[in-house]
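Report on the structure given below.
Bear in mind that the values in this text are calculations on the coordinates, not laboratory data. What you see is a predicted model; the values in this text were computed from it and never measured. Virtual Cβ from ideal backbone geometry, glycine too; neighbours counted across all protein chains shown.
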Amino acid sequence: MRVLLTTAPLHGHFFPLVPLGWAFRALGHDVLVATSTNFLSIAAAAGLPAAATGAGIRVGDLADADSSQGIADVRYAHGLLFAHLAAAHLPATHALMDDWKPDFVISERAEFGGPIAAATRDVPRIELQWGVAELSEYRAAAEEILEPQLTRLGLPGMPEPDLTLNPWPANLRLPHAGHHRDLRHVAYNGTERVLAWMLTRGDRPRVCLTLGTVLPHVGSRRVIELVRGIIDRLAQRGYDIVVAMDDDVVADLGPLPANVLHAGRVPLSQTLPGCDVLIHHGGQGTSLTALASGRPQVVLPQFDDQLDNADAVERSGAGISLPLAEATPERVAKHCQYVLEGGRFREAAASVAQDIAAQPSPVELAATIAELARS
């Protein structure tokens with residue numbers, strides 16, 4: 001069978017699709033990724049064939065000059081961006097569907113061109129939901145921008161998926177996701193190497209700090225200053241620190257304390273088991289990788305799904321949430337110390353890790369999906 005994966009050109013959107021792509025290939029199916037030209041190398045690095053359907057967007061397109069953090073929680077505006085991207089990519093997506101003739105299409109939730117092209121050809125549509133939030137604003141924006149194309153194609157609105165996959169444990173989902181199909185979170189870390197220190201635990205508490213791949217690049221100077229302040233406060237408390245950020249962001253931080261064990265990109269799924277707590281932005285991959293590793297968290301959410309993800313982590317008992325707009329270095333350090341010293345956070349995180357491990361693996365679900373597609 002032929003499986004088409006469609007994604008916006010952003011790491012946090014594509015990475016959750018990668019284990020599914022591997023699973024289908026391991027079962028002997030053909031897989032093709034449809035994405036933007038500027039993202040082809042990222043897809044290829046994951047070991048998946050990829051084809052371009054348009055020029056794409058840059059991370060900087062998500063920026064908001066009016067926000068003190070550089071990006072605000074303006075979900076409808078972000079939905080408009082993804083809708084315009086789909087509109088530009090739709091002609092090439094139609095052509096790719098006709099040329100390659102997939103048996104079904106799996107799209108991450110912010111990619112709208114694949115579902116439209118599939119619906120017009122009666123090809124089954126599957127959606128991978130990243131994040132806890134419903135993000136109805138995304139769909140409303142897509143309905144507005146893509147209305148001319150939908151009307152021309154004879155579609156009454158954005159097509160609904162035939163099946164929605166969700167990697168969040170069922171007890172952490174919101175009501176809209178009650179019918180979603182379980183999928184175990186399996187982390188894809190990109191091409192980062194595993195180093196020896198990542199596989200060991202030190203004598204002192206080890207804290208990992210990351211803000212993902214978007215916020216550090218579009219955030220204001222305040223974000224860099226906040227990160228540097230957090231590092232200094234954690235160092236004063238005697239913790240070992242892993243700063244998991246891109247090299248250009250690390251360079252902006254200046255000379256770092258001796259307590260910093262590593263500064264740069266890391267494979268989180270191999271790094272977090274050796275850490276005692278993770279401070280992060282609330283992204284889907286980061287949140288679930290920490291939960292799957294049984295690691296307590298301090299979450300600093302800023303926009304879109306991050307806020308609901310942070311709330312889910314807090315509801316699980318595995319961590320606490322502090323909105324980025326309210327964060328100061330001292331408050332973050334105190335929250336980190338509170339989580340480190342509270343055994344209940346570790347117990348809750350371990351319980352969620354068991355729930356994640358009990359979900360169907362990508363291979364199990366890929367076999368189920370292929371059988372459904374055949375029937």
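The trypsin sites (Lys or Arg not before Pro) of region 161-234 that meet both conditions, a loop assignment by DSSP and at most 11 other Cβ atoms within 10 Å of the site Cβ, are Arg193. Neighbour counts of C-beta atoms inside 10 Å place Tyr338, Tyr188, Tyr239 in the sequence Tyr338, Tyr188, Tyr239, starting with the fewest.
How high is the FRET efficiency between Tyr76 and Thr120 when r is their beta carbon distance and R₀ equals 30 Å, given to the nearest 0.05? Could the numbers behind the result be given before it?
On the way: r = 26 Å, r/R0 = 0.87.
Step by step, r from the Cβ atoms, then E = 0.70.
Residue farthest toward the positive end of the dipole of the chain, with Cβ of Lys/Arg at +1 and Asp/Glu at -1: which of Thr120, Val299, Leu155? The residue sitting farthest along the positive end of the dipole is Val299.
Counting alpha carbon pairs within less than 8 Å and at least 6 residues apart, what relative contact order, in whole percent, applies to region 196-357? Write out the running numbers ahead of the final one.
Working: 297 pairs, mean separation 37.0, N = 162.
Relative CO of region 196-357 lands at 23 percent.
With contributions of -39500 (n - 2.57) from each DSSP H run of at least four residues, the per-residue ellipticity at 222 nm computed over the chain stands at -12500 deg cm²/dmol.
For the peptides 325-332, 80-87, the ranking by mean Cβ contacts within 10 Å, running from highest to lowest, is 80-87, 325-332. Using the Cβ-Cβ distance between Asn171 and Asp99 with R0 set to 51 Å, the FRET efficiency works out to roughly 0.75. Placing a label point 7 Å from the Cα of Ala92 along the Cα-to-Cβ direction, no residue of region 119-145 has its backbone N under 11 Å from that point.
Relative contact order of the chain: 17 percent, from C-alpha pairs under 8 Å at least 6 residues apart in sequence. Taking amide H as placed 1.01 Å from N in the peptide plane, the amide H of Ser321 sits under 5 Å from that of Val299, each at least 5 places away or on another chain. For the chain, the longest principal axis of the Cα atoms and the long axis of helix 343-357 meet at an angle of about 20 degrees. Listed from fewest to most Cβ neighbours within 10 Å, the set Met158, Met1 follows the order Met1, Met158. FRET efficiency for the pair Arg228 and Ser351, taken as 1/(1 + (r/R0)^6) with r the Cβ-Cβ distance and R0 = 51 Å, rounds to 0.90. Per-residue extension of 0.36 nm, minus the Cα-Cα distance of Leu195 and Arg344, leaves a gain of 50.6 nm for this segment. Against the main long axis of the alpha-carbon atoms of the chain, helix 305-316 sits at an angle near 60°. Roughly speaking, what is the centre-to-centre gap between region 111-126 and region 351-372 when only Cα atoms are used, to the nearest Å? Between the Cα centre of region 111-126 and that of region 351-372, the gap is 24 Å. Applying the Karplus relation 6.51 cos²θ - 1.76 cosθ + 1.60 with θ = phi - 60° to region 120-126 yields 3J(HN,Hα) values of 6, 10, 6, 9, x, 10, 10 Hz, where x marks Gly and Pro. For Asp305, Asp276, the sequence from fewest to most other C-beta atoms within 10 Å is Asp276, Asp305.
Which of the three applies to region 196-357, rounded, prolate or oblate, going by the alpha-carbon gyration tensor with a ≥ b ≥ c and a/c under 1.5 meaning rounded? Rounded, since a/c falls under 1.5. If the chain linking Glu160 and Asp247 were pulled fully straight, counting 0.36 nm for each residue of separation and taking away their Cα-Cα distance, it would gain 27.3 nm.
What is the distance in Å between the Cα centroid of region 231-245 and that of region 299-344? Using only Cα atoms, the two centres lie 16 Å from each other.
With a ≥ b ≥ c the root eigenvalues of the C-alpha gyration tensor of region 249-329, is it rounded (a/c under 1.5), prolate (a/b larger than b/c) or oblate?
On the way: a/c = 1.93, a/b = 1.31, b/c = 1.47.
Oblate, because a/c is 1.5 or more while a/b does not exceed b/c.
The phi torsions of region 256-267, fed into the Karplus equation with coefficients 6.51, -1.76 and 1.60 and a -60° offset, translate into couplings of 9, x, 5, 5, 6, 6, 7, 9, x, 5, 9, x Hz, rounded to whole numbers, with Gly and Pro shown as x.
Give, rounded to the nearest 20 debye, the magnitude of the charge dipole that region 259-332 has about its Cα centre when Lys and Arg contribute +1 at Cβ and Asp and Glu contribute -1 at Cβ.
280
How would region 191-282 be classified by its alpha-carbon gyration tensor: rounded, prolate or oblate, with rounded meaning a/c under 1.5 and the a/b versus b/c comparison settling the rest? Judged from the Cα gyration tensor, region 191-282 comes out oblate (a/c at least 1.5, b/c at or above a/b).
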